[in-house]
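Taking it in order: structure first as structure tokens, then the write-up.
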Amino acid sequence: MEVDRVDGRTPNQRRPLSCSYKLLQRAHGSARWSQGDTTVIAAVYGPKAGTRKNENPEKSAIEVVWKPNFGQIGRDEKEKEMAVKRTLQSIVLLTVNPNTTITVVLQVVNDDGGLLPCAINAACAALVDAGIPLKHLAVSICCGLTESESVILDPTKSEEQSLQAFTYLVFPNSFLSVLPGDPLSVKSDPLEHGVITSSTHGVMSVENYLFCVERGRSASAALSDFLRKTLQQKVPNNSS
């Protein structure tokens, strides 16, 4: 069933992207990522010597600080912090700088839907800007399920509020690095359906979830291309 969207997009169409780097002088790396009218600025500090109690001193520790655009941080923001932290822990080479802490501060500038994917994309771009060693890049997108059980890509805030359910998905930036097998893996890390991180709100069937994963995976290829292009523009080509 065809879905009419307020902004005129097709069900499979994501919002325009923009990304810029080196916005904050005191941070070791920073990036501003926008998906439509949703914007997040990520700042990376570190690696700094030492880790918190209960952290493994043989690895880098990841600390994520979420700063909303207004009001106090609550349960929802804490859950987003944890989702970003789990994602970054899976892509950062934690053994390169043992007994250090990498702090990622996420400042929400505007939220018009898909806030967590926007924050994850911003964080990944900022880690690259800071020169943090990564196993691979990652990109994130939101897929929503309408009341008529149609799947739409990258919903706005108003669309999210009317959806039956929606899921935030994080994929490795290149599916050439996803090895077929059981389970799927990226450089020895297990991935279910090729997904690094998944967070679902509302109720959807397994069939609809897998359909969202396929839609998200297709969209992530374009996100990966965009991220690579912004990085190529940032880093001079010294191959010659």
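Quick notes
- The residue list S198, S18, S148 was ranked by how far each Cα lies along the charge dipole of the chain toward its positive end, using unit charges on Cβ atoms, and S18 comes out on top.
- Annotation: amide H-H contacts under 5 Å for G114 (H modelled 1.01 Å from N, sequence separation of 5 or more, or interchain): none.
- DSSP-defined antiparallel bridges as percent of all bridges, the chain, nearest 5: 85 percent
- Listed residues V213, V109, V84, most fluctuating in the chain (Gaussian network, C-alpha, under 10 Å): V109
- Surface composition of the chain: carbon and sulfur atoms hold 51% of the protein heavy-atom accessible area at a 1.4 Å probe.
- A Gaussian network model of the chain, with springs between Cα atoms under 10 Å, assigns the largest mean-square fluctuation among F70, F171, F211 to F70.
- Average accessible surface for the chain: 50 Å² per residue, computed with a 1.4 Å probe over protein heavy atoms with every protein chain in place.
- Above-threshold pairs, the threshold being 31 Å between Cα atoms, out of K48/K157; K53/K229; K22/K85: K48/K157; K53/K229
- Each Lys and Arg Cβ is given +1 and each Asp and Glu Cβ -1; about its Cα centre, the chain then shows a dipole of about 1180 debye.
- When the chain is treated as a Gaussian network with alpha carbon springs shorter than 10 Å, the biggest mean-square fluctuation among T87, T39, T51 belongs to T51.
- The length gained by stretching the chain between S148 and F70 to full extension, at 0.36 nm per residue less their Cα-Cα distance, is 24.7 nm.
- Extension gain, E79-V109: 0.36 nm per intervening residue step, less the Cα-Cα distance, totals 9.0 nm.
The values are calculated or read from the model by the stated rules, or taken from the named source; none is laboratory data. Here the structure is a predicted model, which means the values were calculated and not measured. FYI the Cβ positions are ideal-geometry reconstructions off the backbone, even for glycines, and counts take in every protein chain you see. Each accessible area value is taken on the protein alone, full model and side chains, heavy atoms only, with ligands, DNA and RNA left out. Shrake-Rupley method; radii C 1.70, N 1.55, O 1.52, S 1.80 Å.
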